[in-house]
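Asks: Okay, here's the structure, questions in a sec.
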Amino acid sequence: MSSDDKNIMAQPEGDPKPIAIEVAAFVTSAIPYLGGPISNILSGIGTERRIKRVREVLNRLASDLTDFKSEVTEKYVRTDEFEELLERSLRQASDERSEEKRRMYADFIADDIKEPGPSYDEKIRFLRTLEELQPDHLAVLKALSALPDANPSSIGSPGQTLFVNTS
C-alpha cells in the first residue's frame, strides 16, 4: 500500500472529502478545462455566490418590512410552516440567476409575512411554479398584465394584439 492509500484509509469512513478530491483530480486530469470551475466549487466560490443572492433577498425583505408590525405575523413567523417556506424560498433564490425572480422570492416572503392567507400546500405550489418560470415567461406575463394603450399607433402593434375590447 502506498502512502497515499494509507492517508485515504486513515480518513473517517463517512468523510466524503477525500473521495471528492480524488474525483476532482481525476476529472481535471482527464478534462483540463474543467479544472477552473471545479476548483471554484471546491474552494467555495459557488457558495459565496449563493450567499450573496440570499443576502440580496433578505435585504429586500428587510426594506419591505421595515415599518410593518402585526401580532398575527409575529406568531406566524415562529411556526414550522413559515420556517419551511422561508427555507425553501431562500434555497430556491440562492440557485436563481435571474435578479427579477430573486425579487419575486423576496416579495413572496414579504407577502406571506404580511398576510399569511392561503394554505401551506398552495404556497408550495406557487414556489414550484416560480421555480419553473423562465425570464421569457416573465416578459409574457408582464405584457399580459399591462394596461392596453387606449390609442394604439398601428394595427397589429403589440398593444393592439394584446388589447381586449371589454366594451
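FYI, it's all coordinate maths here, none of it is from the lab. Because the structure is predicted, anything quoted here is derived from the model rather than measured. A quick note on method: Cβ atoms are made from the backbone with ideal geometry, for glycine too, and the neighbour counts reach across all protein chains shown.
Asks: ³J(HN,Hα) across the range 112-125 via Karplus (A = 6.51, B = -1.76, C = 1.60, θ = phi - 60°), whole Hz, x for Gly/Pro?
Replies: Result, rounded to whole Hz: 5, 5, 5, 8, x, x, x, 5, 4, 4, 5, 5, 5, 4.
Asks: By average Cβ neighbour count within 10 Å, what is the ranking of 104-112, 138-146, 55-63, 89-97 from highest down?
Replies: Top to bottom by mean Cβ count within 10 Å: 104-112, 89-97, 55-63, 138-146.
Asks: Could you name the aspartates and glutamates whose alpha carbon sits less than 13 Å from that of Lys75, not counting residues in the same chain fewer than 8 places away?
Replies: Straight-distance partners of Lys75: Glu83, Asp112, Glu115.
Asks: Follow-up. Pop out the ³J(HN,Hα) list for the range 131-144 in order, Karplus 6.51 cos²θ - 1.76 cosθ + 1.60 with θ = phi - 60°, rounded to Hz; leave Gly and Pro as x.
Replies: Listing the rounded values in order: 4, 7, 5, 9, x, 5, 4, 5, 5, 5, 4, 5, 4, 5 Hz.
Asks: Could you give me the ³J(HN,Hα) list for the range 89-96, computed from phi with Karplus coefficients 6.51, -1.76, 1.60 and θ = phi - 60°, whole Hz, x at Gly and Pro?
Replies: 4, 5, 5, 5, 5, 5, 8, 8
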